[in-house]
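This report refers to the structure that appears directly beneath it.
What follows is calculated from the coordinates using simple rules that are stated; it is not laboratory data. Just so it is clear, the model here is predicted, and its values are computed rather than measured. Cβ placement follows ideal geometry from the backbone for every residue including glycine, while neighbour counts extend to all protein chains displayed.
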Amino acid sequence: MFATMPYTELPQGVRIKQLRVEDVYRLRAAGAFDDDERVELLHGVLVVMEPVGGPHIWITQRLMQRLLIAALDLPVKVICQSSIRMGDFQLPQPDITVVPTQRGFDPPAGGLLVVEVSDTSLAKDRDTKSRIYAMANVPEYWIVDVNHEQVHVFTDPHGTDYRQITIVPRSGKLQPIKLPGISIEIDQLFRVDD
């Protein structure tokens with residue numbers, strides 16, 4: 001429903017009211033969004049997400065499969081493209097989130113590992129979302145950089161930043177700090193012959 005509205009920049013000095021996560025839940029329940037409309041709440045602002053396609057879908061699927069298989073015997077759940085509460089004003093929709101197993105059907109919050117697959121959203125994922133995940137104390141955040149075939153690994157959250165940022169090349173491996181024994185070859189994510 002909101003996707004059909006034109007995008008407008010607000011004049012400088014205009015005050016906005018921040019939305020809370022509960023506001024977004026109420027809007028969803030009231031049918032304010034189309035079924036296929038992807039929105040996320042970042043710093044209290046409702047953001048319409050770009051549609052995904054091409055390599056983004058395949059890389060997300062490959063990484064999801066590897067994490068699911070690797071985490072079968074661990075007390076975690078691997079979630080794909082679902083909203084994850086990261087505070088009162090943060091409801092991002094990462095491509096993949098690994099959360100501790102929980103009872104019941106409450107929406108998950110936080111995470112042990114958050115992954116964004118980035119082809120058109122690198123600046124937002126690196127600048128805005130890394131701060132959100134650091135503030136939520138997510139111990140590890142990956143940005144799979146589709147265009148440069150590498151992965152940005154953020155660890156050691158402190159305040160609004162991560163103290164450690166490593167860029168792992170296509171020839172490297174990913175070994176999540178909270179998921180012992182798991183190793184994923186980055187090259188497997190980018191192969192076109194799979």
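Of the trypsin sites (Lys or Arg not before Pro) found in the stretch 54-116, those that fall in a DSSP loop while having at most 15 other beta-carbon atoms within 10 Å are ARG103.
D by Stokes-Einstein for the chain, Kirkwood Rh over Cα pairs, 10 °C, 1.306 mPa s: 90 µm²/s. Relative contact order of the chain: 14 percent, from C-alpha pairs under 8 Å at least 6 residues apart in sequence.
Roughly what % antiparallel, to the nearest 5, for the DSSP beta bridges in the stretch 1-148? In the stretch 1-148, approximately 70 percent of DSSP beta bridges are antiparallel ones.
One decimal place: the segment ASP193-ARG15 gains 59.0 nm when fully extended, by the rule 0.36 nm per residue minus the C-alpha distance.
Shown here for the stretch 125-194: chymotrypsin sites (Phe, Trp or Tyr not before Pro) in loop regions (DSSP other than H, G, I, E, B) with at most 11 other Cβ atoms within 10 Å, of which there are none. Cross-link reach is defined here as a Cα-Cα straight distance under 29 Å, omitting same-chain residues fewer than 8 places apart; for LYS77 the lysines meeting it are LYS124, LYS129, LYS173, LYS178. Note on ASN147 and LYS178: the extension gain reaches 8.4 nm, defined as 0.36 nm multiplied by sequence separation minus the Cα-Cα distance.
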